[in-house]
Amino acid sequence: MKAVLKKIFLSVCWRLGLFHVSRYLMKDKLQILCYHGFETYDETSFRPKLFIKKATFNKRLELISKYRFPVLTLDDALYKLRNNKLPRNAIVITIDDGFYNVLGIAADILNAHKYPVTLYLTTYYVQKNSPIFRLVVQYMFWKTKKREVSFGGCAWNKNENMDVRIDNDKERERIIWDCIDYGENECSEPERMRICQLLGSLLGVNYQQIRDSQILSLLTLDEAKLLDRKGINIQLHTHRHYFSVDDEAKAKKEIVDNRKVLDEIVDYPTNHFCYPSGIWNKDQWPWLEQMSVYSATTCLPGLNNSECPAFGLKRFLDGEYINEMEFMAELFGFMELARALRKKTKDFIIKWTPDFRQ
Ligand SMILES: [Zn+2]
C-alpha cells in the first residue's frame, strides 16, 4: 500500500514538473549509481536488491540518455567535483562485486551506450572456480519446495532437533546461518563445495546447475581481463569482501591482497575503493589514505557536493526492487530534495518541541 501511494505521489510530482525543478536545484551535485548482479534466470526474484533484469538495466541507461544526463568516469568526475568543474547533473556508474554477468550482460549494454563504468572487484572468488558459498546456501533454501528437511548428520546443525521446518521463517534462518557460519569459519573451499552438494541433495536443488550457470559466481581472472580490454575500469573492493572496522592490520591486508590480484588484471594503479556491504566508519579513513586510496564509496543514499569527504561518497543503490518512477525521482534529484526537506522538518520539530530537546 505504502509503495503504491509513493508511486502515485511521484507520478503526480513528475506531471507537475517538480522533477525538473529538483534537477535544476541539484545541478552541481554528483550522482553515483550502484549496481550488483544482472539476471539470467531467476536471481531478481531471489534478491531484487542485489540483481537487476537486463531489460530494466537497459531502460535505466536509455532514460539517462533520453534526458541527457552526462556520464563521466569516476576519476574525471571526482577531479571535476573537487574543482567545481562538473557538468550539470553529472553521473558516475559503478558496479560492485564482479558477478559473472557483468561480462555476460552489463558490459555490452554499457558499451552500446558508450558509458564508462567502474567495477569494484572483490577477488577471493575470482581465484576460485566456485560460486559464492553464502549466496548459494541462501539461494537453495529460497529455491527448495520442501517444507521439512532432516539435517541429521550435518556438522553445521547445532540444534538437537534434526528436523527443520523450512516454511518456518525463524527455523529456516537459524539453519541457514548455522550453515554459513560453519562453512565460512571452519571449512576450506573444497569442504564448502561438499556442503553445497549435500545441501542440494537434501533440499532437492541442483547445485551443479547453479555452478554451471554461474548465476552466483564472480568473474574468473581471464573474464576480468576481458572486461579490462573492453574499457571497464576495475577498482578495489577488498579480497574477502570484508573490511575490519577495528583491526587496522586486517583491514590493510584486505587491500594488499585485493590489489595483488587486480595487478594481474589491469596495468594502471587501483586507488578507488568501495566498502564491502556498505559497512564503514571514520576510523578507517587514515588507513585508506596510508594505502594510497583516493576515494571510497558507501551505500548511503544521496548526491555528492564538493565538500563531501572523499572516503564517504554517497551512492544510489539501484536494482529490480526500484520501479521506474522511483529511479527517475533519484535521477532528477527529487528524492534528494525530499530527504533534505524531511531533515529540515525533523530539525524544526526537535528545536521547537520541548519533549524532543531533552
Ligand atoms: Zn560488495
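Yes or no, residue by residue, for (1) over 18 Å from residue 75 (Cα atoms); (2) out of contact with any Asp or Glu (no Cβ under 8 Å at 6 or more places or on another chain):
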{"site": "228", "(1), (2)": "no, yes"}
{"site": "240", "(1), (2)": "yes, no"}
{"site": "256", "(1), (2)": "yes, yes"}
{"site": "265", "(1), (2)": "yes, no"}
{"site": "268", "(1), (2)": "no, yes"}
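Going through (1) closer than 20 Å to residue 189 by Cα; (2) under 17 Å from the mean Cα position of the chain (by Cα); (3) of a type in the set (S, T, N, Q) one by one, residue 220 falls short only on (2).
Tell me, which residue of region 164-190 that is open to solvent by 70 Å² or more (accessible area, probe 1.4 Å) and among the charged types (D, E, K, R) is farthest from the chain's Cα centre (by Cα)? The selected residue is 165. Selection within region 1-54: residues that are open to solvent by less than 50 Å² (accessible area, probe 1.4 Å), in a helix (DSSP H, G or I) and away from the ligand (no atom under 16 Å from the Cβ). The member of this set that is nearest to residue 81 (Cα to Cα) is 23. The set of residues from region 86-119 being among the aliphatic types (A, V, I, L, M) and either within 16 Å of the ligand (Cβ to nearest atom) or open to solvent by 10 Å² or more (accessible area, probe 1.4 Å) (or both) comprises 86, 93, 95, 102, 103, 105, 106, 109, 112, 117, 119. If the condition is being away from the ligand (no atom under 14 Å from the Cβ) and either open to solvent by less than 10 Å² (accessible area, probe 1.4 Å) or in contact with a Gly (Cβ under 7 Å, 6 or more places away or on another chain) (or both), then region 273-287 contributes only 284. It is to be established whether one or more residues within region 327-339 are more than 15 Å from residue 33 (Cα to Cα), surrounded by fewer than 19 Cβ atoms within 10 Å (Cβ to Cβ) and not assigned by TED's automatic domain parsing to the domain that holds residue 42. Within region 327-339, one or more residues are more than 15 Å from residue 33 (Cα to Cα), surrounded by fewer than 19 Cβ atoms within 10 Å (Cβ to Cβ) and not assigned by TED's automatic domain parsing to the domain that holds residue 42. Scanning region 229-260 for residues that are assigned to a loop (DSSP other than H, G, I, E, B) and more than 15 Å from residue 287 (Cα to Cα) returns 230, 231, 232, 239, 240, 241. Please verify whether residue 224 is more than 22 Å from residue 137 (Cα to Cα), open to solvent by less than 60 Å² (accessible area, probe 1.4 Å) and in contact with a Phe, Trp or Tyr (Cβ under 7 Å, 6 or more places away or on another chain), treating the condition exactly as stated. No: the conditions fail for residue 224. Listed by position, the strands (runs of 3 or more DSSP E) enclosed by region 57-161 that each have at least 2 residues that are β-branched (Val, Ile, Thr) and touching a Leu at 6+ places or on another chain (Cβ under 7 Å) are 91-97. Within region 246-272, being in contact with a Lys or Arg (Cβ under 7 Å, 6 or more places away or on another chain) and away from the ligand (no atom under 16 Å from the Cβ) holds for one residue alone: 265.
The values are calculated or read from the model by the stated rules, or taken from the named source; none is laboratory data. Worth saying up front: this structure is predicted, and the values here are computed from it rather than measured. Note: ideal-geometry Cβ built from the backbone for every residue, glycine included; neighbour counts use all protein chains shown. Accessible surface areas use protein heavy atoms only, side chains included; no ligands, DNA or RNA. Shrake-Rupley method; radii C 1.70, N 1.55, O 1.52, S 1.80 Å.
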